[in-house]
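Asks: Just passing along the structure, written as structure tokens.
Just so it is clear, none of the values below were taken in a lab; they were calculated from the coordinates. All values reported here derive from a predicted model rather than from experimental measurement. Heads up, the Cβs are rebuilt from the backbone with ideal geometry, glycines too, and the neighbour counts pull from every protein chain shown.
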């Protein structure tokens, strides 16, 4: 069995563009690569990963809703994965154990700063959601120099846990989604919820948006439409979907596995021109 067998695990995962992206990267790097999408329901994820490893799996990406479960099974994790408490990149060691990393945050920051030319420093930031996607990007946003970070979630327990894990009480605050109307304007609004995939975007006050506000959805395609439509209606100066983040986090995962970071502009342009589909960067 080839040692170059990789996969993305999620539930659902049939929509994933990761196989297409990694195939393009492998062609660019001259690497023979098998990369597939494997549906792993939460209750079956560990068993599915074991079957994949037994069949020659060397590494895997992990998407919604399995990132925190992936972190829990790792014997070793990078600092950014530990800060996030979530893993999106798995590397199988020679002893059969899994090492975890999280490339979501670095992928988002790279997309926003390099592809879209945003200066994130001192931006008052609102993060919607506190699950695996939010956990992946929050540490990187803080490291990129944003001002204060407000985490808003339907219930406070997960948001409180994320705030505690970030360990920066001077900058990180927690609010209920229902209490955002009194919070004023934010310079950056990041949607890390999966609610829009079911057509259930939380009701968001227009007052969250000011003249320099930028809205970012970690999903893209059909899944990003409700939030980005709200952003445009509210008057956001710029709105960004999660396609660039998806490509950039994939490139970082590819580097971890293969030792070379691929160029991303060509595959980003190709995917950006395709018909929207129900896909997510989470």
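Asks: Can you give me the Kirkwood hydrodynamic radius for region 65-206, using every pair of distinct Cα atoms, in Å to one decimal?
Replies: In region 65-206 this quantity evaluates to 15.7 Å.
Asks: Could you tell me what percent of the DSSP beta bridges with both partners in the chain are antiparallel, to the nearest 5?
Replies: 25 percent
Asks: In what sequence, highest mean first, do 23-34, 136-147, 85-96, 232-243 appear when ranked by Cβ atoms within 10 angstrom?
Replies: The packing order, highest mean first, is 136-147, 85-96, 232-243, 23-34.
Asks: So, one more: Before anything else, pin down the relative contact order of the chain: Cα pairs under 8 Å, at least 6 apart, normalised by residue count, whole percent.
Replies: 16 percent
Asks: Helix 156-166: angle to the longest alpha-carbon principal axis of the chain, degrees 0 to 90, nearest 10?
Replies: With both axes taken from Cα atoms, the answer is about 70 degrees.
Asks: Report the residue, chosen from 217, 50, 160, that carries the largest GNM mean-square fluctuation when the chain is represented by alpha-carbon nodes joined by springs under 10 Å.
Replies: Most flexible of the set in this elastic network: 50.
Asks: Same structure again: If you scale each eigenvalue of the Cα gyration tensor by 5 and take the root, what three semi-axes come out for region 49-146, rounded to whole angstrom and sorted largest first?
Replies: 29, 13, 11
Asks: Fewest to most neighbouring Cβ within 10 Å: what's the order for 36, 264, 103?
Replies: 36, 264, 103
Asks: Still on this structure: What value does region 144-183 have for Rg/Rh, both radii from Cα atoms and Rh as Kirkwood defines it?
Replies: Answer for region 144-183: 0.97.
Asks: Would you order 99, 261 from fewest to most other beta-carbon atoms within 10 Å of each residue's own beta-carbon?
Replies: Going from least to most buried by this count: 261, 99.
Asks: So what's the back-of-envelope 222 nm ellipticity for the chain, counting only DSSP H runs of four-plus at -39500 (n - 2.57) apiece and dividing by all residues, rounded to 500?
Replies: Theoretical 222 nm ellipticity from helices: -10500 deg cm²/dmol.
Asks: Percent of alpha carbon pairs in region 6-106 separated by more than 23 Å?
Replies: Here the long-distance tail beyond 23 Å is 21 percent of all Cα pairs in region 6-106.
Asks: What are the semi-axes of the equivalent ellipsoid for region 1-65, taken as the square roots of 5 times the Cα gyration tensor eigenvalues, largest first, in whole Å?
Replies: So the equivalent ellipsoid measures 21, 15, 6 Å along its semi-axes.
Asks: Please give the helix 225-234 orientation as an angle from the longest Cα principal axis of the chain, in degrees from 0 to 90, rounded to the nearest 10.
Replies: 30 degrees
Asks: Gaussian network model of the chain, Cα springs within a sub-10 Å range: biggest mean-square fluctuation belongs to which of 37, 269, 60?
Replies: Looking only at 37, 269, 60, the biggest GNM fluctuation is shown by 269.
Asks: I would also like to ask the following. Sequence gap at least 6, Cα distance under 8 Å: using those rules, report the relative contact order of region 105-243 to the nearest whole percent.
Replies: 21 percent
Asks: May I ask you to sort 176, 6 by Cβ crowding, counting other Cβ atoms within 10 Å and putting the fewest first?
Replies: By the 10 Å Cβ count, ascending: 176, 6.
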